[in-house]
Amino acid sequence: MIIRRLTCFDYPKIKKLISYLSNDENDKFEGDISEVPLGFVNALLPINLKFKSESFVLIDNDDILGLITINYTRGNHLKVKITRLIFKENNYEIGKKLVEFVFQKIGAKGASTFVVMVDESHDELFDLFVNGCGFRQCSSETLWKIENPQIQKTAFRWRYAQNSDAKAISELFNSEITPIYRPSLLRSEKEFRPPFFCGFSDEYKNRYVAEECGKILGYFSITTSDNSNFICDITTNSGYEFEYSDIINKLLNEIAKRNKVFYPLIKQKKYHKSSENLEDYLKSQNYTPIQTMHILVKDFYKEVPQESSDWKVFVFEENKVSN
């Protein structure tokens with residue numbers, strides 16, 4: 001068995017592996033591997049300059065048994081996200097080999113954190129990553145669908161986010177993470193800046209901020225990879241009161257400027273302090289939770305060197321000091 005980079009010549013061989021995918025996902029997958037020039041350039045770049053996803057296949061006797069796709073986190077290429085894992089005939093050992101290959105190959109280039117999001121209904125896949133590959137469960141995110149959105153005007157004010165806002169946005173986002181999840185989910189300032197090769201990115205993203213007296217109190221984004229489904233992400237300072245109806249209507253208005261027909265989704269980040277308040281509002285509007293994804297993380301930790309020293313032990317209520 002060998003594992004190598006996916007090429008456009010492999011697509012006819014893997015049609016059987018992806019036959020169960022929806023037409024949209026199948027078309028997107030075909031488009032990803034058909035961009036030969038961009039993929040070739042991306043493969044030659046160092047890890048900090050990569051601008052597109054990368055895919056690798058496991059081959060045995062010229063037969064493709066599995067495929068894995070990774071994305072480099074925008075602004076932090078040392079954080080790698082596994083976005084696609086396909087293997088033949090429920091052969092989870094093939095999946096494990098592909099994941100371990102990514103650890104070794106991409107980890108050798110400097111990547112230190114690997115993240116994968118697994119649907120809560122996929123127990124076998126969850127077991128593969130946690131028990132088979134050493135990931136640990138962190139938190140989760142839920143997407144809520146707005147059926148037949150009714151767009152209303154709102155007086156809510158925001159502006160487009162600028163590169164100069166990245167530090168303040170990062171501080172807001174990180175401060176709102178529930179403390180127990182912070183070590184795994186903190187985001188750096190650079191992760192809130194647009195990519196250098198933004199025109200070649202796999203997704204389109206608009207970013208906005210709400211501020212008061214020069215202080216950023218809210219960060220909002222709209223992301224799409226197919227110009228049809230739009231994911232709306234809301235981060236607000238939990239020390240201030242916000243009307244979710246105003247924020248969501250503002251997001252819907254922005255999408256409607258670009259598309260007449262669209263499918264809006266609201267992302268609920270379970271690791272943020274305001275998660276329960278947002279969930280209560282979404283339920284009150286009869287929005288539908290359509291998908292919950294577990295966030296699984298694997299880090300490369302560096303062992304802290306221990307210094308050898310003599311400890312003085314003081315035993316109180318006894319007149320005794322020992323070295």
- Just report the Cα centroid separation between the stretch 168-197 and the stretch 218-238, whole Å. 15 Å
- Message: Can you give me the long-range amide H partners of His272? Hydrogens built in the peptide plane at 1.01 Å from N, cutoff under 5 Å, separation of 5 or more residues or another chain.
- Response: Thr178
- Query: Using a simple spin-label model with points 7 Å from Cα along the Cα→Cβ vector, what separation in nm is obtained for His122 and Phe101?
  - Reply: 1.8 nm
- Note on the structure: Thr113 and Asp60 label points (each 7 Å along its Cα→Cβ direction) are spaced in nm at 3.5 nm
- Note on the structure: In this structure, among Lys52/Lys190; Lys79/Lys273; Lys105/Lys298, pairs with alpha-carbon gaps over 20 Å are Lys79/Lys273
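Greater than 21 Å separation of Cα atoms is the criterion. Which listed pairs, Lys81/Lys109; Lys13/Lys109; Lys215/Lys267; Lys15/Lys109, meet it? Kindly include the intermediate steps, with their values, before the conclusion.
Details: Lys81/Lys109 15 Å; Lys13/Lys109 29 Å; Lys215/Lys267 24 Å; Lys15/Lys109 31 Å.
Long pairs (Cα-Cα over 21 Å): Lys13/Lys109; Lys215/Lys267; Lys15/Lys109.
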- Taking the convex hull of the alpha carbon atoms in the stretch 144-291, what volume per residue do you get, in Å³? 126 Å³
- Residue order, fewest to most beta carbons within 10 Å, for Lys97, Lys13: Lys13, Lys97
- Message: Apply the Karplus curve 6.51 cos²θ - 1.76 cosθ + 1.60, θ = phi - 60°, to the phi angles in the stretch 237-246 and return the couplings in whole Hz, x for Gly and Pro.
- Response: 5, 5, x, 10, 8, 10, 8, 4, 4, 5
- Note on the structure: Glu93 and Asp10 label points (each 7 Å along its Cα→Cβ direction) are spaced in nm at 2.1 nm
- Task: Taking H placed 1.01 Å from N in the peptide plane, check which residues at least 5 places from Ala161 or on another chain put their amide H under 5 Å from its amide H.
- Result: Arg207, Tyr208, Val209
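Tell me, in nm to one decimal, what length is gained between Glu279 and Glu243 on full extension, where the rule is 0.36 nm per residue of separation less the Cα-Cα distance?
On the way: separation 36, 0.36 × 36 = 12.96 nm, distance 1.32 nm.
Result for the pair: 11.6 nm of gain on full extension.
Any read-out appearing in this document is the output of simple, stated calculations on the displayed coordinates, not a laboratory observation. Given the structure is predicted, the values throughout are model-derived calculations rather than measurements. Neighbour counts run over all protein chains shown; Cβ positions are idealised from the backbone, glycine included.
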